[in-house]
Amino acid sequence: MILKTPKINRRSFVVGSAAVGAGLALGLKIPFGASVVRAQDGSPEITAWVVIRPDDTVVIRIARSEMGQGTLTGLAQMVAEELECDWSKVKTEYPTPGQSVKRKRAWGDFSTGGSRGIRDSHQYVREGGATARTMLVQAAADAWKVSASECSAANSVITHSPSGRTTTYGKVAEAAAKLTPPAKVALKDPKDWKLIGKSVKRLDTMDKLTGAQVYGFDLKLPGMLNAAIKDCPVFGGKVKSFEAAKVKGMPGVRQVLPVGDSAVAVVADTWWEAKTALDALPIVWDEGPNAKVSSATIAEMLKAGLDVDQAFVANQNGDVKAAIAGAAKKVEAVYAYPFQNHAPMEPMNATARYTADRCEVWVPTQNGEAAFAATLAASGLPADKCEVYKINLGGGFGRRGAFHDYVTQAVLIAKQVPGTPVKLLWTREEDMGHGRYHPVMQCKLVGAFDAGNNLTGLHMRLSGQSILSDVRPEALQAGKDPLVFQGLNPGGDFGIGYSVPSLLIDHAMRNTHVPPGFWRGVNINQNAIFLECFMDELAHAAGQDPLEFRRKLMSKHPKHLAVLNAVADRAGWGKPAPQGVHRGLAQMMSFGSYVAACAEVSVSGGNKVKVHRIVAATDCGYAVNPAQIERQIAGSFVYGLSGLFMQECTVKDGHIEQTNFHDYDSMRIAQMPKVEAIVMPSGGFWGGVGEPTICVAAPAVLNAFFAATGKRLRTVPLKHHGIQLV
């Protein structure tokens, strides 16, 4: 039996100039002198977050970006919870950054990164739903000439309790939209939630299954041309010359253009024609002094930072120098973590159309406002003459968040082809060679024990890159980058989970010409390896069980301890593992959530590693969609374990050596361990979900590898140690 699905070819999907964002409430009609804001289809807007159609369809606006992590559904759940609407009739849409500017940022922050999509917006999106519900109920009460206090709402139906009369949201939406929103609304007590906390199905699944989902990669516009681009392979280099005449006669080629001072693009009828011509184009690069830099020279620079006197201090108590000097036993180790590329399946791309008085960009972005800012800067036009239309992402992982170089390039190309939409699509090779890389870092750790094998002192010296010094230097704190210390701070969203009598954690900043970026999980990924693997080293040096050793240091950190105990109990720590299987632990606090993992691995032939199971626990305070959290945990382990075993970007002659997935690999389905997720929300706070658990996978596996082999591996990826993931 052959199952026939609708015949949809998403790659032939055409978005006309009059249908940009079809089905969305774009081009909002904000009247002058009237009170009703209308969506493009004429339906009334109740609040900035809610549009109600006459057929009771509820359109919930989502400012954050959906890139597979489930934010779209989670945010819609929170609005719908307070709105008391019929979940089966909920649809979503993206507002645009241009509309946001006109409406004084009515939708708040568009940025989707740092696991902040829900935890930073839960309050105001729920208030948006509660406000809309209050206005709808009031409109019904006004029509019935009764007190709103006698009315209630549930499942998009408003009921007048004394009389039993009912009406629907769609019938009163027009009247509700004319009311003045209440200045303040009360939100539900978490114990009364009916939708938040439920594992409802994702709202975007069907479009992905049928192929209706359109990514930036797929977008087509009438009359659109296509562009391929090459930037100088060495960061900081420039274009010296190029011979456009050599390729202008090739099939489909329209123009050969400089882009800034470091790149050249070919514009053609099709992207393949543009790429083919670009590959044939003679370009001479001025690579500059950075062409002398290599991975070896960078490593030496970082190594020197491990022992310098001057460093930025993040966490300090007691007297570490005295503790180490007077130690009965001292343990020392040096770890290192490499550059890594985000490598999303969809390479960087953007489509731009420029005229003298209008610039429009269609782009997959994690931050519509940042893409909008890049559009303004590159176009030279004011905000009211620019717009950005956000498209779902084929992967982001931080690359499409703060960095919109590809948007800038697309606009600069479109300015040279005015009036014609141009889609810029990077090759995989361009994407690999011009990323924003996970920062390179080394760490020297020294632990001190007294005669009773009690840990009395710990010094962690980090040496490596600062992301903020490159991306947001104004956010540095007296020169210090606070992001470097994720998971190692005395408190906050990245608080350390151990109390040590004498502690010093500091950073010798060593920046390179390779641009750093926010790689999923960011700095806590290497910090978790440094801290948790060294904790394991300390436990074994003291002759103590790794779990019991940690527990003695965690009495003042009950939430850290709770997730650690949860994974240990579920995995059966202290009980015999299956024959040939060994266990390792790790715990951290990451993006406001408490996370822990217990990995079970076996090693055959000395170098073939099988990760059988990872038990993972997370306390994110409130769990909006538990099933989605479980998927996020498993998905984060794919990213984390791929980085651990396979992924590194190396530098030779100033440029990144890796070019595609043949030399920057990712784990396969057959290599994926069984993941048992323990979602244990304790309430009272909102933690992140998408990134936190990624950090505990690698150290848990490394600690299990030591348990299996007695070997400590302190540099990654493990392929350089001859280790294979099977």
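The values are calculated or read from the model by the stated rules, or taken from the named source; none is laboratory data. Please read these numbers as outputs of a predicted model, since none were measured by experiment. Virtual Cβ from ideal backbone geometry, glycine too; neighbours counted across all protein chains shown. What goes into the accessible areas is simple: the full protein's heavy atoms, side chains included, and nothing from ligands, DNA or RNA. Shrake-Rupley method; radii C 1.70, N 1.55, O 1.52, S 1.80 Å.
Scan segment 678-685 and give yes if some residue there is under 19 Å from Arg428 (Cα atoms) and not in a loop (DSSP other than H, G, I, E, B), otherwise no.
no
Of the conditions (1) within 31 Å of the chain's Cα centre (by Cα); (2) open to solvent by less than 60 Å² (accessible area, probe 1.4 Å); (3) within 30 Å of His540 (Cβ to Cβ), Gln316 clears all except one; give me its number.
Here Gln316 meets the rest and fails (2).
Of everything in segment 134-171, what is out of contact with any helix residue (DSSP H, G or I) (no Cβ under 6 Å at 6 or more places or on another chain) and part of a helix (DSSP H, G or I)? Give them in sequence order.
Thr134, Asp142, Ala143, Trp144, Ser149, Glu150, Gly170, Lys171
Checking Pro54 against (1) under 29 Å from Cys386 (Cα atoms); (2) in contact with a Gly (Cβ under 8 Å, 6 or more places away or on another chain); (3) open to solvent by 20 Å² or more (accessible area, probe 1.4 Å), only one condition comes out false. Which one?
Here Pro54 meets the rest and fails (1).
Can we say Gly452 is farther than 24 Å from Gly236 by Cα, without any contact (Cβ under 8 Å) to a residue 24 or more places away in the chain and in a loop (DSSP other than H, G, I, E, B)?
Numbers: farther than 24 Å from Gly236 by Cα: yes; without any contact (Cβ under 8 Å) to a residue 24 or more places away in the chain: yes; in a loop (DSSP other than H, G, I, E, B): yes.
Answer is yes for this residue.
Taking the condition of being open to solvent by 40 Å² or more (accessible area, probe 1.4 Å), touching a residue at least 12 places away in the same chain (Cβ under 8 Å) and more than 30 Å from Val293 (Cβ to Cβ), how many residues in segment 213-247 meet it? I'd like the intermediate steps shown before the answer.
We begin by selecting, within segment 213-247, every residue open to solvent by 40 Å² or more (accessible area, probe 1.4 Å); these are 215, 217, 220, 222-223, 230, 233, 236, 238, 240-243, 245-246.
Restricting the remaining residues to those that are touching a residue at least 12 places away in the same chain (Cβ under 8 Å) gives 215, 217, 220, 222-223, 230, 233, 236, 238, 240-243, 246.
Applying the additional criterion that residues be more than 30 Å from Val293 (Cβ to Cβ) yields 215, 217, 220, 222-223, 246.
Count: 6.
Would it be correct to say that Glu676 is buried (at least 21 other Cβ atoms within 10 Å of the Cβ), charged (D, E, K, R), touching a residue at least 24 places away in the same chain (Cβ under 8 Å) and touching a Lys or Arg at 6+ places or on another chain (Cβ under 8 Å)? Can you show your working first?
Numbers: buried (at least 21 other Cβ atoms within 10 Å of the Cβ): no; charged (D, E, K, R): yes; touching a residue at least 24 places away in the same chain (Cβ under 8 Å): yes; touching a Lys or Arg at 6+ places or on another chain (Cβ under 8 Å): yes.
No.
Conditions tested, residue by residue: (1) open to solvent by 40 Å² or more (accessible area, probe 1.4 Å); (2) on the phi > 0 side of the Ramachandran plot; (3) out of contact with any Asp or Glu (no Cβ under 9 Å at 6 or more places or on another chain).
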| residue | (1), (2), (3) |
| --- | --- |
| Ile298 | no, no, yes |
| Met301 | yes, no, yes |
| Gly305 | no, no, yes |
| Thr375 | no, no, no |
| Gly380 | yes, yes, yes |
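Only one of Gln123, Gln99, Gln138 is closer than 29 Å to Ile467 by Cβ and at pLDDT 95 or above; which? Full working, then the answer.
On the way: Gln99 fails: closer than 29 Å to Ile467 by Cβ; Gln138 fails: closer than 29 Å to Ile467 by Cβ.
Testing whether each residue is closer than 29 Å to Ile467 by Cβ and at pLDDT 95 or above leaves just Gln123.
In segment 462-490, how many residues are in a strand (DSSP E or B) and open to solvent by less than 10 Å² (accessible area, probe 1.4 Å)? Break it down stepwise before answering.
Applying the first criterion (in a strand (DSSP E or B)) to segment 462-490 yields 462-464, 477, 480, 489.
Cutting the leftovers down to open to solvent by less than 10 Å² (accessible area, probe 1.4 Å) gives us 462-464.
Count: 3.
Here are Leu203, Leu225, Leu179: which of them is out of contact with any Cys (no Cβ under 7 Å at 6 or more places or on another chain) and in the same structural domain as Trp271 (by TED's automatic domain parsing)?
On the way: Leu203 fails: in the same structural domain as Trp271 (by TED's automatic domain parsing); Leu179 fails: in the same structural domain as Trp271 (by TED's automatic domain parsing).
Checking each option against the conditions leaves just Leu225.
Name the residues in segment 382-391 that are surrounded by fewer than 20 Cβ atoms within 10 Å (Cβ to Cβ) and either in contact with a strand residue (DSSP E or B) (Cβ under 8 Å, 6 or more places away or on another chain) or among the aliphatic types (A, V, I, L, M) (or both), would you?
Within segment 382-391, the first condition is being surrounded by fewer than 20 Cβ atoms within 10 Å (Cβ to Cβ), and the residues that meet it are 382-385.
Within segment 382-391, Ala383, Lys385 qualify.
For residues in segment 277-296 being within 33 Å of the chain's Cα centre (by Cα) and under 30 Å from Thr351 (Cβ atoms), which is least open to solvent (accessible area, probe 1.4 Å)?
For segment 277-296, the residue satisfying everything is Leu278.
Do you know which residues across segment 99-110 are touching a residue at least 60 places away in the same chain (Cβ under 8 Å) and either outside any loop (DSSP other than H, G, I, E, B) or open to solvent by less than 20 Å² (accessible area, probe 1.4 Å) (or both)?
Hits for segment 99-110 are Gln99, Ser100, Val101, Lys102, Phe110.
Criterion first (closer than 27 Å to Ala541 by Cα, assigned to a helix (DSSP H, G or I) and within 20 Å of the chain's Cα centre (by Cα)) does Leu702 satisfy it? Walk me through it before giving the result.
Values: closer than 27 Å to Ala541 by Cα: yes; assigned to a helix (DSSP H, G or I): yes; within 20 Å of the chain's Cα centre (by Cα): no.
No; evaluated as a whole, the condition is false for this residue.
Which number in (1) over 15 Å from Ser682 (Cα atoms); (2) surrounded by fewer than 24 Cβ atoms within 10 Å (Cβ to Cβ); (3) in contact with a strand residue (DSSP E or B) (Cβ under 9 Å, 6 or more places away or on another chain) marks the one condition that Ala566 misses?
(1)
Within segment 123-164, count every residue that is touching a residue at least 60 places away in the same chain (Cβ under 8 Å) and open to solvent by less than 40 Å² (accessible area, probe 1.4 Å).
The qualifying residues number 10.
Let me spell it out: the conditions are (1) open to solvent by less than 40 Å² (accessible area, probe 1.4 Å); (2) closer than 20 Å to Thr168 by Cα; (3) of a type in the set (Val, Ile, Thr), and Thr96 meets all of them except one. Which number is the exception?
All conditions pass for Thr96, except number (2).
Please verify whether Glu691 is part of a strand (DSSP E or B) and either in the same structural domain as Pro558 (by TED's automatic domain parsing) or on the phi < 0 side of the Ramachandran plot (or both), treating the condition exactly as stated. Give the steps one after another, and end with the answer.
Details: part of a strand (DSSP E or B): no; either in the same structural domain as Pro558 (by TED's automatic domain parsing) or on the phi < 0 side of the Ramachandran plot (or both): yes.
When the stated conditions are applied, Glu691 does not pass them.
Taking only pairs six or more apart or across chains, which ones have beta-carbon atoms under 6 Å, a first residue in segment 43-69 that is over 17 Å from Gly117 (Cβ atoms), and a second residue that is among the polar types (S, T, N, Q)?
Thr47/Thr131; Val51/Ser43; Arg53/Ser43; Asp56/Ser156; Asp56/Thr168
Can you tell me which residues in segment 613-648 are part of a loop (DSSP other than H, G, I, E, B), open to solvent by 20 Å² or more (accessible area, probe 1.4 Å) and under 26 Å from Gly197 (Cα atoms)? Show your work before the answer.
Looking only at segment 613-648, we keep the residues that are part of a loop (DSSP other than H, G, I, E, B), and these are 620-625, 646-648.
Right, trim to open to solvent by 20 Å² or more (accessible area, probe 1.4 Å) and you get 622, 646, 648.
Selection gives Tyr622 alone.
Identify, from the list Thr167, Thr210, the residue that is polar (S, T, N, Q) and without any contact (Cβ under 8 Å) to a residue 60 or more places away in the chain.
Details: Thr210 fails: without any contact (Cβ under 8 Å) to a residue 60 or more places away in the chain.
Being polar (S, T, N, Q) and without any contact (Cβ under 8 Å) to a residue 60 or more places away in the chain holds for just one of Thr167, Thr210, which is Thr167.
If a residue has to be open to solvent by 60 Å² or more (accessible area, probe 1.4 Å) and not basic (Lys, Arg) to count, how many in segment 319-346 make the cut?
Filtering segment 319-346 for residues open to solvent by 60 Å² or more (accessible area, probe 1.4 Å) gives 319, 321, 325-326, 328-330, 332, 334, 345.
Now drop any that are not not basic (Lys, Arg), which leaves 319, 325-326, 328, 332, 334, 345.
Selection size over segment 319-346: 7.
Considering segment 70-93 alone, what residues qualify as being open to solvent by 20 Å² or more (accessible area, probe 1.4 Å), touching a residue at least 24 places away in the same chain (Cβ under 8 Å) and of a type outside the set (Lys, Arg)? Break it down stepwise before answering.
Going residue by residue through segment 70-93, those that are open to solvent by 20 Å² or more (accessible area, probe 1.4 Å) are 84, 86-89, 91-92.
Applying the additional criterion that residues be touching a residue at least 24 places away in the same chain (Cβ under 8 Å) yields 84, 86-87, 89, 91-92.
Listed by number, the residues that qualify are Glu84, Asp86, Trp87, Thr92.
Going by the conditions given, is Val716 in the same structural domain as Gly605 (by TED's automatic domain parsing), over 18 Å from Tyr337 (Cβ atoms) and crowded, with 20+ Cβ neighbours inside 10 Å?
On the way: in the same structural domain as Gly605 (by TED's automatic domain parsing): yes; over 18 Å from Tyr337 (Cβ atoms): no; crowded, with 20+ Cβ neighbours inside 10 Å: yes.
Spelling it out, it is not the case that Val716 is in the same structural domain as Gly605 (by TED's automatic domain parsing), over 18 Å from Tyr337 (Cβ atoms) and crowded, with 20+ Cβ neighbours inside 10 Å.
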